[in-house]
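These notes concern the structure reproduced below.
The values are calculated or read from the model by the stated rules, or taken from the named source; none is laboratory data. For clarity, every value in this text was computed on a predicted model and none was experimentally measured. Cβ coordinates were reconstructed from backbone atoms using ideal geometry, including for glycine residues, and neighbour counts include every protein chain displayed. What goes into the accessible areas is simple: the full protein's heavy atoms, side chains included, and nothing from ligands, DNA or RNA. Shrake-Rupley method; radii C 1.70, N 1.55, O 1.52, S 1.80 Å.
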Amino acid sequence: FVFVNDGQVLTIEAGTVIKMNTSGASKGCNTTSLTCTITVNGTLVMGSTTDPINAVVITSRDDDTYGGVVSTSDGTPTAGDWGRILAGSATSNLDFDNSIIRYGGLSDNMIAVQGSAQANIASSTLEYSNTYGIAIAADATQLTITDSTIQNNANGIGVSTLANLTVSGTTFTANRSGILIAAPGDSTNIS
């Protein structure tokens with residue numbers, strides 16, 4: 001578990017690969033809501049606009065595609081292998097540039113932005129989530145996503161409770177739905 005407290009900034013440099021333990025008590029995680037989760041009440045900055053070659057990657061420990069093979073890998077990553085990135089308060093801020101996030105969403109959304117949190121995601125890939133690639137909720141919550149790819153998730157982006165979403169230059173591929181607006185969401189908050 002990783003916690004970024006209110007007032008703190010965690011910066012993950014370009015080229016960093018983070019392999020999250022997979023689900024199941026015998027594999028290092030259990031099925032509680034905090035399983036293999038990065039909880040952000042401060043600011044999480046990932047990647048770099050000046051280094052588009054070396055992405056930050058957060059993935060399953062069973063994903064041998066990035067960062068080589070870890071000794072506990074079975075080489076078969078699965079959607080939902082780890083938990084999520086949670087930005088859940090008015091002091092939460094996500095700023096991702098050139099990042100790849102994959103195989104999360106064990107029992108919830110791979111990235112959850114709620115409680116008036118703010119998120120900016122650019123030039124990034126969100127893929128292979130067991131649920132939503134990213135979900136936003138609450139009236140003052142804001143997600144801006146640009147020039148990114150959202151693919152192979154159960155659903156791409158979920159919007160509810162009047163959250164605000166701005167999307168540009170982003171490709172949605174092989175998701176059950178690209179953007180799903182759930183009641184009481186409002187399409188006027190989406191551009």
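Net length available on complete extension from THR76 to ARG176 is 33.8 nm, with 0.36 nm assigned per residue and the Cα-Cα distance removed.
The label-point distance for THR50 and SER168, in a model that sets each label 7 Å from Cα toward Cβ, rounds to 2.4 nm. In the context of the full set of protein chains, residues of the stretch 74-172 present 30 Å² of accessible surface per residue (probe radius 1.4 Å, heavy atoms only).
When +1 charges are put on Lys and Arg Cβ atoms and -1 charges on Asp and Glu Cβ atoms, the dipole computed for the stretch 33-113 relative to its Cα centre reaches about 180 debye.
Could you work out the relative contact order of the chain, using alpha carbon pairs under 8 angstrom and six or more residues apart, expressed as a whole percent?
It comes to 15 percent, rounded to a whole number.
Each peptide in 94-103, 154-163, 7-16 receives the mean, over its residues, of other Cβ atoms within 10 Å, and ordering these scores from highest gives 94-103, 154-163, 7-16.
Rounded to whole numbers, the Karplus 3J(HN,Hα) couplings from phi for the stretch 100-106 are 10, 10, 8, 6, x, x, 3 Hz, using 6.51 cos²θ - 1.76 cosθ + 1.60 with θ = phi - 60°, and x at Gly and Pro. The calculated FRET efficiency for the pair LEU10 and SER187, based on their C-beta separation and a Förster distance of 30 Å, comes to about 0.35. Were the residues from SER107 through ASP139 laid out at 0.36 nm apart, the gain over their Cα-Cα distance would be 9.2 nm. Of all accessible surface on the chain at a 1.4 Å probe, what whole percent is carbon and sulfur? That share works out to 50 percent.
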